[in-house]
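Everything on this sheet refers to the single structure shown next.
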């Protein structure tokens with residue numbers, strides 16, 4: 001079974017940039033699959049006014065929270081299932097099914113934007129498929145909400161212009177609480193306040209740490225395989 005490593009962090013923390021860089025550096029060396037967040041799939045879902053589900057969600061979370069979370073879950077589930085069928089040694093994902101549940105869906109439910117019945121439906125879906133996937137390991141890009149907000153404003157992606165600082169602060173808090181529940185040996189924390197575009201040494205340092213993290217996980221995985229036959 002493949003080792004799954006998910007790159008986690010707030011909106012604007014640098015997840016997409018890091019996953020793309022890892023693909024460039026590690027993809028030629030190992031049997032690794034890289035799964036970036038399926039934003040292109042979300043942008044295909046549009047209403048009669050040609051407004052994407054992502055824009056609708058950020059514009060009116062009370063109305064579109066459940067619809068968007070289900071779309072995020074289904075699209076992420078589909079690409080992960082395809083990757084697992086391809087027998088990779090390692091799968092590196094940008095966020096994960098567990099992030100959707102424990103950070104975004106939970107946050108929206110706690111704030112009343114996802115209703116009780118919707119939350120129960122979501123959890124039914126999650127529980128139905130979760131047992132099919134290996135336990136994940138986390139690379140967490142820890143970023144202050146203010147830094148993330150500044151980056152989101154600068155990159156001006158479709159659908160993100162209306163994201164308030166308060167929402168990013170909530171995302172940060174839920175990420176921190178969720179990641180605290182993991183064993184420290186399964187989490188690598190990176191300083192996301194550093195600008196990897198301005199300081200190339202930072203991304204090189206991150207690559208080294210991630211390579212070491214992957215190597216440790218591979219060693220443990222191999223030991224577990226041998227232990228089964230003792």
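The values are calculated or read from the model by the stated rules, or taken from the named source; none is laboratory data. Since the model is a prediction, treat every value here as computed from it, not as a measurement. We place every Cβ from the backbone using ideal geometry, glycine too, and count neighbours over all the protein chains shown.
Some notes on this structure:
- One residue stands out among those in the range 209-223 that are touching a strand residue (DSSP E or B) at 6+ places or on another chain (Cβ under 8 Å) and over 14 Å from residue 187 (Cβ atoms): the one that is modelled with the lowest pLDDT, which is 221.
- Only a single criterion out of (1) on the phi > 0 side of the Ramachandran plot; (2) at pLDDT 90 or above is not satisfied by residue 181, namely (1).
- Any hit, the range 160-183, residues being closer than 24 Å to residue 205 by Cα and in a strand (DSSP E or B): no
- Selection status of residue 112, part of a loop (DSSP other than H, G, I, E, B) and surrounded by 17 or more Cβ atoms within 10 Å (Cβ to Cβ): no
- Counting only residues that are surrounded by 19 or more Cβ atoms within 10 Å (Cβ to Cβ) and touching a strand residue (DSSP E or B) at 6+ places or on another chain (Cβ under 7 Å), the range 74-83 holds 1 of them.
- Breaking point among (1) assigned to a helix (DSSP H, G or I); (2) more than 20 Å from residue 68 (Cβ to Cβ), for residue 122: (2)
- Taking the criterion of being assigned to a loop (DSSP other than H, G, I, E, B) and more than 16 Å from residue 151 (Cβ to Cβ), the residues of the range 1-34 that qualify are 1, 2, 27, 28, 29, 30, 31.
- When restricted to residues that are surrounded by fewer than 20 Cβ atoms within 10 Å (Cβ to Cβ) and either part of a helix (DSSP H, G or I) or in contact with a strand residue (DSSP E or B) (Cβ under 9 Å, 6 or more places away or on another chain) (or both), the range 131-144 contains 5.
- Check on residue 147, farther than 20 Å from residue 42 by Cβ, buried (at least 18 other Cβ atoms within 10 Å of the Cβ) and over 16 Å from the mean Cα position of the chain (by Cα): yes
- Filtering the range 40-60 to residues that are touching a helix residue (DSSP H, G or I) at 6+ places or on another chain (Cβ under 8 Å), in a helix (DSSP H, G or I) and under 24 Å from residue 119 (Cβ atoms) leaves 41, 42, 53, 54, 56, 57.
- Selection within the range 150-175 - touching a strand residue (DSSP E or B) at 6+ places or on another chain (Cβ under 8 Å) and either surrounded by 13 or more Cβ atoms within 10 Å (Cβ to Cβ) or modelled with pLDDT of 90 or more (or both): 159, 175
- In the range 84-97, the residues that are buried (at least 18 other Cβ atoms within 10 Å of the Cβ) and part of a helix (DSSP H, G or I): 97
- Subset of the range 184-205 that is surrounded by 19 or more Cβ atoms within 10 Å (Cβ to Cβ) and in a loop (DSSP other than H, G, I, E, B) - its residue that is modelled with the lowest pLDDT: 196
- Exclusive hit being in a loop (DSSP other than H, G, I, E, B), modelled with pLDDT of 90 or more and in contact with a helix residue (DSSP H, G or I) (Cβ under 8 Å, 6 or more places away or on another chain), set 37, 63: 37
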